[in-house]
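For reference, the structure discussed in these notes is given below.
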Amino acid sequence: MIPIKTDEEIELQRESSLLVGKTLAEVAKRIKPGVKTFELDRIAETFIRDHGALPGFKGYNGFPATLCISVNDEVVHGIPGDRELKDGDIVSIDCGTLMNGFYGDSAYTFAVGEVKREVLELLERTKESLYLGIEKAVAGNRVGDIGYAVQSYVESYGYSVVRDLVGHGVGRNLHEKPEVPNFGRRGTGPKLKKGMVIAIEPMINLGVKEVVQNRDGWTIRTADSKPSAHFEHDVAIRNGEPDILSSFEEIEKILNKK
Ligand code: MG
Ligand code: MG
C-alpha cells in the first residue's frame, strides 16, 4: 500500500522538508576548496539538532553520518571524512531530517570553485530534469510519467540515468512505496493519488549509466569514473499542481551571494 497523508500531516512534513533546505544552505556557506567533508557534516548535524529535529540518515541501516557527501564520480551515499574539497570538484550533498514524526529528504549538487563548463551544464540540466519530473507529479498521472520526463530530457544531451537507485515515497519512514525511477515509459507504473508524498531524485551521469560500490559498503560511483549529479525534492501529490515541500530557495540565496 502507498501511504496517503492528510493535509495536516503534509504540513507537518513540510516543516521537516524545509529544514533540510535550510540545513543545506548552512552547509553551502562553507563549501570551498580546502574544507573537509566531515566539517560539513558536523555543521549540518548541529544545525538540525538546534532546530529540534534529528538527522534522518544517521544510523539509518547503519549509515554513520548526517549527510551523504558524494564528490565528482561518486553518485550517492558518500561518507563524510577527511577528504578535502578541491577547486573544480562537484559535490552532491544529500540530507535527511526527522521532525514532527516525518522525514524530509533533499539533495543538491554544488560546484567547488571553478568547474569545467561541461560539468556545470550537467548540474544545470540535472536540476532542470528534476523540475520536469515534478511537473508530472500530479494526481491521475503515473510514476512512469515522471521517469519518462527526466530520462527523455537528460538523454537528449547524451547523459545517462542511473538505474540501480531510484526515488521513493517519503513520510513517517524515510523510504516508503512507491519506488520512483528516473527512467520509464509514459502511462506505466503506480497511479499517483492526492496525499501521496514522493522524493524525486534524478541521479544523472555524464558518461555511462553503470555504477559500482566502494568497499566501504556505501559509496556508489560511476563505472567509468566520469562525474555524476544529483538533485532531490519532496513533492506532495495534489489535484492539478504539484506541491514541492522542500526548497532550494535558501541554498540559492547563498550561492548567488558567493
Ligand atoms: Mg536524499
Ligand atoms: Mg531520497
* Asked: Does any residue in segment 176-205 that is touching a residue at least 24 places away in the same chain (Cβ under 8 Å) and basic (Lys, Arg) come within less than 6 Å, Cβ to Cβ, of a residue that is within 15 Å of ligand 2 (Cβ to nearest atom) and assigned to a strand (DSSP E or B) six or more places away or on a different chain, and which pairs are these?
  -> Lys177/Gly169
* Structure fact -> Filtering segment 221-234 down to residues that are within 16 Å of ligand 1 (Cβ to nearest atom) and either within 20 Å of Gly88 (Cα to Cα) or among the polar types (S, T, N, Q) (or both) yields Ser228, Ala229, His230, Phe231
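What residue, of Gly88, Gly104, Gly78, is within 15 Å of the chain's Cα centre (by Cα) and away from ligand 1 (no atom under 11 Å from the Cβ)?
Selected residue: Gly78, the only one of Gly88, Gly104, Gly78 that is within 15 Å of the chain's Cα centre (by Cα) and away from ligand 1 (no atom under 11 Å from the Cβ).
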* Right, Val119: more than 18 Å from Leu192 (Cβ to Cβ), among the β-branched types (Val, Ile, Thr), touching a residue at least 24 places away in the same chain (Cβ under 8 Å) and surrounded by 15 or more Cβ atoms within 10 Å (Cβ to Cβ) or not? -> yes
* Asked: Taking segment 166-175 on its own, how many of its residues are outside any strand (DSSP E or B), touching a residue at least 40 places away in the same chain (Cβ under 8 Å) and within 12 Å of ligand 1 (Cβ to nearest atom)?
  -> 2
* To do: Examine segment 139-146 for a residue that is on the phi < 0 side of the Ramachandran plot and in contact with a helix residue (DSSP H, G or I) (Cβ under 7 Å, 6 or more places away or on another chain), and state whether such a residue exists.
  => yes
* Asked: When residues of segment 122-142 are filtered for being surrounded by fewer than 18 Cβ atoms within 10 Å (Cβ to Cβ) and outside any helix (DSSP H, G or I), how many remain?
  -> 2
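Values quoted throughout were computed directly from the atomic coordinates according to the rules given, and no laboratory measurement underlies them. Predicted model, so just to flag it, every value in this text is computed and none were measured. No Cβ is skipped: glycine too gets one built from the backbone with ideal geometry, and neighbour counts run over all protein chains shown.
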